[in-house]
Amino acid sequence: MTWLEYFNLFMQCGPFIILIGLGFFVGSAVERAHFKRLRTKEKQLLTIPLTDLKTQPPGVIGGGAVLVSGSVVVASDYFKTIAASLRKLIGGEIRSFERLMERGRREAICRMMQQAHHMNAIAVINLRIETSSIGRMSRNPSPMVEVIAYGTAVLPARQSS
Amino acid sequence: MIVVNTEIIPGFEILELKGLVQGNTIRAKHLGRDIAASLKNLVGGELKGYTELLTEARRQSLERMMSQAQQLGANAVINVRFTTSAITQGAAELYAYGTAVTVRPIEGNESVTSPDGASAFRPEGSSGSQVPA
């Protein structure tokens, strides 16, 4: 092959390979960094009791309540999207998307707990988590998912004099 | 106005039912954000532009719900639920609904003031942390 043929081949496959490489290396690094951030945040924030029960947990006596929420939109990277579309041919578990959803959920809960923290809440009850797929475009098979977590922050009762 | 997603409000008692209240908004994303998001889509992770857009939209639907409750003469909305649905490509409906009621602090809890109900959807930084004194 002449150099021109090599050049043509590169122009055809190059962008694809670069995007896959970018998705693989940068995407994995971003994911690892995110999980690390989540672990430190959870350590600080999950000191407040969190439950999906509708009533106050035993021992908690609140004097008020307010809605708290956290939401995040997460997207998959190019490499994982391609890997998943190959996976769809044979079926089975798609690990990379599982991790994506986990990131979204944990981040949304963290943001919600941050608000509860700001309000000096003593507990967060009736946690609800909802997920919705946004931006499902015909040309774009990569998932974009919005996760929202919301709940009721129980505020401390005022010290009776 | 007190807004919670539980059926009871800790420290308060429910006096009167005012009825169902709801608020919705349909938002389309704009092109600039779409392009930025599709670039971010290559490496994955959070799409901040969309997060902000949806938070803002959800706050608006909640505010519409609260203004309905106000018209009914309620001072709290309980059992609030949110749903999101994609209407067409690139547009989403955000819907909030709940039950408007009137409440009163229970005995010995007169002094408690609750933060504004929509404070859950303040943009970050200005997270209206009106902590009851």
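Peptide A:16-29 has a mean shielding of 2, counted as Cβ atoms of other protein chains within 10 Å of each residue's Cβ. Helices in chain A, meaning DSSP H runs of at least 4 residues, each add -39500 (n - 2.57). Divided by all residues, the mean residue ellipticity at 222 nm is -17500 deg cm²/dmol.
What do you get for Rg/Rh of the protein assembly as shown when both radii come from the Cα atoms and Rh is the Kirkwood radius? Working shown, then result.
Values: Rg = 22.4 Å, Rh = 20.8 Å.
Answer for the protein assembly as shown: 1.08.
Give the dimensionless ratio obtained when the Cα radius of gyration of chain A is divided by 2.2 N^0.38 Å. Mind dumping the intermediate values first?
Details: Rg = 22.0 Å, N = 161, 2.2 N^0.38 = 15.2 Å.
Expressed relative to 2.2 N^0.38 Å, the Cα Rg reads 1.45.
Helix A:78-90 and the longest principal axis of the Cα set of chain A meet at an angle near 80°. The Rg/Rh ratio for the range A:27-114, using Cα coordinates for both the radius of gyration and the Kirkwood hydrodynamic radius, is 1.11.
Helix A:95-118 axis versus longest C-alpha principal axis of chain A: approximately 30°, rounded to the nearest ten.
Under a point-charge model restricted to the Cβ atoms of Lys and Arg (+1) and Asp and Glu (-1), what is the dipole moment magnitude of the range B:2-109 relative to its Cα centre, in debye to the nearest 20?
Values: 11 positive and 10 negative charges, 79 e Å.
Around 380 debye, computed over the range B:2-109.
Using only side-chain charges placed at the Cβ, +1 for Lys and Arg and -1 for Asp and Glu, the dipole size of the protein assembly as shown relative to its Cα centre rounds to 620 debye.
Between 0 and 90 degrees, the angle of helix A:3-45 with respect to the longest Cα principal axis of chain A falls at about 10 degrees. Listed by chain and number, the aspartates and glutamates whose C-alpha is less than 18 Å from the C-alpha of B:Lys18, apart from same-chain residues fewer than 8 away, are B:Glu7, B:Glu63.
Along the charge dipole of chain A, pointing to its positive end and built from +1/-1 on Cβ of Lys, Arg, Asp and Glu, which listed residue (A:Gly23, A:Gly62, A:Tyr6) has its Cα farthest out? Of the options given, the answer is A:Gly62.
Of the residues B:Met65, B:Ala76, B:Thr55, the one whose Cα sits farthest toward the positive end of the charge dipole of the range B:49-93, with +1 on the Cβ of Lys and Arg and -1 on the Cβ of Asp and Glu, is B:Ala76. Check the range A:3-156 and count each lysine pair with an alpha-carbon distance under 30 angstrom, considering only pairs eight or more places apart or from different chains. Close lysine pairs found across the range A:3-156: 7. With bins 5 Å wide beginning at 0, the percent of Cα pairs of the range B:1-76 falling in each bin runs 3, 12, 18, 15, 12, 10, 9, 8, 7, 4, 0.
Among the GluC sites (Glu not before Pro) in the range B:1-100, those placed in a DSSP loop whose Cβ has at most 15 other Cβ atoms within 10 Å are B:Glu7.
Each reported figure results from applying straightforward, stated rules to the coordinates on display, with no laboratory input. This structure is a prediction, so every number in the text was calculated from the model and none was measured. We place every Cβ from the backbone using ideal geometry, glycine too, and count neighbours over all the protein chains shown.
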